[in-house]
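This report refers to the structure that appears directly beneath it.
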Amino acid sequence: MEFPAQLKYTKEHEWLRIEGDVAYVGITEFAQSELGDLVYVEINTIGEIVAKDDIFGTVEAVKTTSDLFMPVTGKVIEFNPAIDEKDGNDPTLINSDPYGKGWLVKIEIQNPSEIEGLLDDTAYRSLIGK
């Protein structure tokens, strides 16, 4: 199982990749493996500022639906079109490439100091026992 060192992680199994004032958010390889094959992603927060730890969407697998929690307060500026089933694309990219093509949303970070409260790869591995 992969845990890229350049990412930050949450206890709810989201990851954050920071690129300047924006960041990409996704779910970890561990999370997608626990959920199984993902069939649908719903993000209804485009254009909204979502507070840290608030729900910004859901992912649906064959047998369950799981809420998605914002790692840091951010304005949701883009939903990954490659996984948007409405556009005929493939939500299973989250299963096959969770840290690359399977990202969920792009955000504008509102409070950079919140990044300090996230886990590094070592702390996240310890959290999930890997």
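The values are calculated or read from the model by the stated rules, or taken from the named source; none is laboratory data. Just so it is clear, the structure is predicted and the values come from calculations on it, not from any experiment. Note that we place each Cβ from the backbone using ideal geometry, even for glycine, and neighbour counts take in every protein chain shown.
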Within the stretch 12-39, how many residues are surrounded by 20 or more Cβ atoms within 10 Å (Cβ to Cβ) and more than 13 Å from P98 (Cα to Cα)?
1
Among I107, I49, I55, I94, the single one that is touching a Leu at 6+ places or on another chain (Cβ under 6 Å) and of a type outside the set (K, R) is I94
Among the residues of the stretch 32-60, how many are modelled with pLDDT of 95 or more, farther than 19 Å from A82 by Cα and of a type in the set (G, A, S)?
1
Within the bounds of the stretch 77-97, is there any residue that is in contact with a Ser or Thr (Cβ under 9 Å, 6 or more places away or on another chain) and closer than 23 Å to S113 by Cα?
no
Quick one: which residue in E48, E12, E2 is in contact with a Phe, Trp or Tyr (Cβ under 9 Å, 6 or more places away or on another chain) and in contact (Cβ under 8 Å) with a residue 60 or more places away in the chain?
E2
With the checklist (1) more than 16 Å from L127 (Cβ to Cβ); (2) surrounded by 13 or more Cβ atoms within 10 Å (Cβ to Cβ) in hand, flag the one item Y9 doesn't pass.
(1)
Condition (residue is on the phi > 0 side of the Ramachandran plot and surrounded by 14 or more Cβ atoms within 10 Å (Cβ to Cβ)) applied to the stretch 40-50: is it met by at least one residue?
no
Output the residues belonging to the stretch 62-90 that are within 19 Å of W15 (Cα to Cα) and of a type in the set (A, V, I, L, M).
L68, M70, V72, V76, I77, A82, I83
Within the stretch 96-124, considering residues that are within 16 Å of T10 (Cα to Cα) and of a type in the set (S, T, Y), the one surrounded by the fewest Cβ atoms within 10 Å (Cβ to Cβ)
S113
Go through L93, L127 for me and flag whichever is crowded, with 18+ Cβ neighbours inside 10 Å and of a type outside the set (V, I, T).
L93
Filter the stretch 1-35 down to residues that are in a strand (DSSP E or B) and under 13 Å from M70 (Cα atoms), then give me how many there are.
11
